[in-house]
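Every read-out reported here was derived from the displayed coordinates using simple, explicitly stated rules and does not represent laboratory data. Please read all numbers here as calculations on a predicted model, not as lab measurements. With ideal geometry, Cβ positions are generated from the backbone for all residues, glycine too; neighbour counts draw on all protein chains shown.
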Amino acid sequence: MPHTMRPIMIDSQGLSKDFLIYHKAPGLLGSLKSFFVREHERKAAVDQFDLRIYKGEIVGLLGPNGAGKTTLMKMFTGIIVPSRGELTIAGYTPHERKMMFRRKIALVMGQKSQLWWDIPAMDSFLLLQKYYEVEEQTFRTRLNTLAELLDVKRLLRVHVRKLSLGERMKMELMASLMHQPEILFLDEPTIGLDVVAQKAIRAFILSWQKEYQTTVILTSHYMADVAALCERIVLILAGQKRFDDSIQAFEQVLGQQKFVTVDFEAPVSLADAQVHSTFWETLNPTWNGKRTQVELRIPESSLREQAIFLLQHYPVSGFSTEKLPIERVMNELLSNPELAPL
């Protein structure tokens, strides 16, 4: 469905949040002085942030630590109040924290728990049922559906502190979805999980989102999460939006090139490479120590031609393109922020 025909779920214009950072001189004298005069500076954690997200989108909010992602998520969920600008979430002003607004959103934080550790998850679910006023039959049906999808039925009455990290994250998702929110905020949902658990969480999120057209906002440092879930990427650097487009467009930020790894049956000597020096120089080769593997940057338009040349002139045993090009782009942008679009 075209964006113009979908309801707007998140709409921010000129959204900004400032914090005061206080400074204190070291030692007892500095402490005494701070009682009377507190030196401070004002820092914009988020600055003039415009964003519009439509119903049913899965959007990856990316950026380095300290870029403003968590501040944005807290403003979106009403935890903190913006300093300037306008913000509506599903038609509501978040920081007013109206009950109808709280029923429309859910927040899952990979490093924080909303479940009580010393009681079974089921007890927390019953409390959430009362808090969100979920009708009994609806609650039971939804509970069974979620437990089956996440394969945790046998764990509902186990104390939360006895569960593995992956099992606890599944319970966190259940708790957040018990009232079937329209917008799901996921802050590092797979942090610390093993590969199998990460895949299970991603598969569940995709299945649930497809079924209920939930709008999902994801922050993650695992690019595999972003590649598997997101159709759109928003990049924030130093509190400012620097990119907002499809994941395919993000992969092309550094140019339309493929990162290709080539393995050889035998080492390629300097003399052998010198025979075709022009070929190698144009592809920015990065060799391993034994010269049995090389990484190349090949323009998409000539990928087929260059691959044929390599196969014809060198003992190629393996040929693979990068599985997660967005990870390469992200690493480059974090190392060189000036490369990010303005």
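If you scale each eigenvalue of the Cα gyration tensor by 5 and take the root, what three semi-axes come out for segment 105-174, rounded to whole angstrom and sorted largest first?
Gyration-tensor ellipsoid for segment 105-174: 18, 14, 12 Å.
Which residue fluctuates most in the GNM of the chain (Cα springs below 10 Å): Glu133, Glu41, Glu295?
In this elastic network of the chain, the residue with the biggest mean-square fluctuation among Glu133, Glu41, Glu295 is Glu41.
When the Kirkwood hydrodynamic radius is evaluated over all pairs of different C-alpha atoms of segment 148-191, what value in angstrom, to one decimal, is obtained?
11.4 Å
Using the Kirkwood radius over C-alpha pairs as Rh, can you work out the diffusion coefficient of segment 214-342 via Stokes-Einstein at 10 °C, viscosity 1.306 mPa s, in µm² per second?
95 µm²/s
Which net charge results when you count Lys and Arg as +1 and Asp and Glu as -1 among the other residues whose beta-carbon is under 10 Å from that of Asp11?
My count for the surroundings of Asp11 gives -1.
Would you mind calculating the gained length between Ser246 and Gln48 on full extension (0.36 nm times residue separation, minus the Cα-Cα distance), in nm to one decimal?
That works out to 69.1 nm of additional length.
Would you please name the chymotrypsin sites (Phe, Trp or Tyr not before Pro) within segment 76-149 that are DSSP coil residues with at most 13 other C-beta atoms within 10 Å of their C-beta?
Trp117
What fraction of the DSSP beta bridges in the chain is antiparallel, stated in percent and rounded to the nearest 5?
Roughly 70 percent of the DSSP beta bridges within the chain come out antiparallel.
Determine how many Å³ per residue the convex hull of the Cα atoms of segment 1-154 encloses.
That works out to 205 Å³ per residue.
Quick one: what Rg and Dmax do you get for the chain from the alpha carbons, in Å?
According to the Cα coordinates of the chain, Rg and Dmax are 24.9, 78 Å.
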